[in-house]
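The next block holds one structure in the form of structure tokens; read it before the comments.
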Amino acid sequence: MFALAIWDARKSELFSPRPLRQEAAELRSDKSGLVFCSEIGPLSQHPAVCRDHDADALELYLQLLVVPAPWTIYRNIRKLPPAHWAVFSRAGLRIEKYWDLDYTKKTRLTDAEALEGFEERFAEAVRLRMIADVPLGALLSGGVDSSAVVARWRNIRPRRSGRSA
């Protein structure tokens with residue numbers, strides 16, 4: 001897990017995206033600058049970061065058993081939410097959403113069409129994960145998902161990634 005930042009010297013801007021599956025970048029910004037990290041622990045130890053607790057975040061935690069982005073338990077530290085990017089410049093910190101799911105568009109399928117589509121996508125997902133430079137193995141938990149993956153796997157020939165060592 002990591003936080004990513006790109007410095008654009010021409011614009012004097014720091015750009016930091018958060019992909020959907022990446023851990024949140026924790027950040028704190030004020031007139032003196034920006035401090036960020038991929039984990040809240042080290043960031044909270046930075047001398048410029050105030051460690052006062054956020055009562056609203058605590059209330060959210062007690063309700064949801066999680067502190068959702070953009071909050072953290074600290075008042076002056078915030079998480080960069082999924083599918084957002086942060087741009088820090090002389091003008092300050094700007095956070096923008098770059099992607100959003102549209103739940104209004106629905107696909108109408110019969111049960112048979114949905115099953116056929118699932119089988120195709122499942123086989124492709126397993127096939128893509130079988131591309132490797134080393135021999136592959138599987139650990140079975142005894143659950144339906146791992147058993148289904150291995151059952152599909154046995155019908156697919158592994159491919160080498162084509163990368164050389």
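What follows draws every value from the coordinates through simple rules; no lab data is involved. These numbers come from a predicted model, not from an experiment. Cβ coordinates were reconstructed from backbone atoms using ideal geometry, including for glycine residues, and neighbour counts include every protein chain displayed.
Descriptive notes on the structure:
- Unit charges on C-beta of K, R, D, E only; dipole of the chain, Debye: 640
- Once the Cα gyration tensor of the chain is diagonalised, semi-axes √(5λ) in Å: 40, 22, 19
- Of 127, 90, 75, the residue with the greatest mean-square motion in the GNM of the chain, using alpha carbon springs below 10 Å, is 127.
- Listed residues 6, 38, 69: farthest to the positive end of the dipole of the chain (Cβ charges): 6
- Förster radius 45 Å - calculated FRET efficiency between residue 9 and residue 154 (Cβ-Cβ, nearest 0.05): 0.30
- Helix 144-153 axis, angle to the chain major axis (alpha carbon atoms, nearest 10°): 60
- Rounded to the nearest Hz, the phi-derived 3J(HN,Hα) couplings of region 100-114 under the Karplus curve 6.51 cos²θ - 1.76 cosθ + 1.60 (θ = phi - 60°) are 8, 6, 9, 7, 7, 7, 10, 9, 9, 10, 6, 4, 5, 5, 5, where x marks glycine and proline.
- Candidates 51, 154, 28: whichever shows maximal mean-square fluctuation once the chain is modelled as a Gaussian network with Cα springs under 10 Å: 154
- Most mobile of 83, 132, 69 in a GNM of the chain (Cα contacts under 10 Å): 132
- Label-zone membership for region 61-86, site residue 50, 7 angstrom Cα→C-beta point, backbone N under 13 Å: 74-77
- In plain terms, the C-alpha convex hull of region 111-153 casts an average shadow of 3.3 nm² when viewed from every direction.
- Two-site label geometry, residue 103 and residue 129: point separation in nm, points 7 Å out along Cα→Cβ: 2.6
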